[in-house]
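Heads up, the thing below is written out as structure tokens.
The values are calculated or read from the model by the stated rules, or taken from the named source; none is laboratory data. All values derive from a computational prediction rather than experimental measurement. Note: ideal-geometry Cβ built from the backbone for every residue, glycine included; neighbour counts use all protein chains shown.
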Amino acid sequence: MTGSVELDVATLVLLALAGFAAGWVDAVVGGGGLIQLPALLLTPGITPVQALATNKLASIMGTSVSAVTYYRRVHPDMTTAAPAALAALAGAFGGAALASFIPAAAMKPIIVVVLIGVLVLVLARPTLGARTALRWEGNRHRAMAALVGLGIGAYDGLLGPGTGTFLVLALVSVLGYAFLPASAIAKVINWATNFGALLFFVPHGAVLWTLGLVVGAANLAGAYLGARMAIAKGSSFVRIVLVGVVSVLIVRLGWDVVTTW
């Protein structure tokens, strides 16, 4: 028995494996929700709301350990991470509210076009994200970081897939960070968006705690390994993984667009 859902051992093992893979991908460049959330949604007896809520519990466990690992070894710029995280928390609430007025299906074609543009940009500019060259300083830098957090937090509340990847891309292309420090900062911001979602889901009783803790433990292990690998291999490794995750995002969201026409 897992919460109010009965699952066999084989299903739990498969979900744990999905959690481990998701934690690894999330720690390197974001996008682990592409693995973990569909696995939960496909589990018999789990409602979509329970899957979303349980996914957030598992994700915040992995994001916590990857954020701490990055903080201890990369020392992310908290003058960027703090205002962006606070704004992302607010944006996630706003995005969730907008979700009742703007259907996700209307947003997905726009996101696919943006992702294709991003993929072309990253492939066409091999030096993008190779080193940090910040575009602003002081209050202007903090204001831009907050805008990035607000916008992507709203996306997380409204649609969700690839939030961590979008954070890394924005920190690199808008603010001027290299890929590795961008990943470190993104983990702090992504933790805030997960926490904001849980503030809504927990009081409504939507979290399947036992399942979430099992998948979360696997996510945590994957996140620790992924963060250590990213730190050891540097920005070029993060860039390679990013290209792969963005490509999967394009296929996944593009398929959703085609099948809902």
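Taking interchain pairs and intrachain pairs at least six residues apart, which have beta carbon atoms under 7 angstrom, with the first residue in segment 49-75 and surrounded by fewer than 24 Cβ atoms within 10 Å (Cβ to Cβ) and the second of a type in the set (S, T, Y) and assigned to a helix (DSSP H, G or I)?
Pairs found: V65/Y224; T69/Y224.
Specify the residue that is surrounded by the most Cβ atoms within 10 Å (Cβ to Cβ); the eligible residues are those in segment 29-48 that are closer than 22 Å to V172 by Cβ and of a type in the set (A, V, I, L, M).
Only one residue tops the list, namely V29.
Counting residues that are touching a helix residue (DSSP H, G or I) at 6+ places or on another chain (Cβ under 8 Å) and at pLDDT below 90, which helices (runs of 4 or more DSSP H) fully inside segment 153-261 reach at least 1?
Here the list reads 163-170, 179-201, 235-260.
Report, by residue number, each residue of segment 8-55 that is polar (S, T, N, Q) and either closer than 28 Å to F237 by Cβ or assigned to a helix (DSSP H, G or I) (or both).
T11, Q36, Q50, T54, N55 - these are the residues of segment 8-55 that are polar (S, T, N, Q) and either closer than 28 Å to F237 by Cβ or assigned to a helix (DSSP H, G or I) (or both).
Could you tell me whether A21 is surrounded by fewer than 20 Cβ atoms within 10 Å (Cβ to Cβ) and free of Cβ contacts under 8 Å to residues at least 24 places away in the same chain?
Here the answer is no, as A21 does not meet what is asked.
Quick one: which residue in R140, R131 is free of Cβ contacts under 8 Å to residues at least 24 places away in the same chain, among the charged types (D, E, K, R) and under 18 Å from L175 (Cβ atoms)?
Among R140, R131, only R140 is free of Cβ contacts under 8 Å to residues at least 24 places away in the same chain, among the charged types (D, E, K, R) and under 18 Å from L175 (Cβ atoms).
Within segment 165-180, restricting attention to residues that are among the hydrophobic types (A, V, I, L, M, F, W, C) and more than 10 Å from L134 (Cα to Cα), which residue is surrounded by the fewest Cβ atoms within 10 Å (Cβ to Cβ)?
Checking each candidate, the answer is A170.
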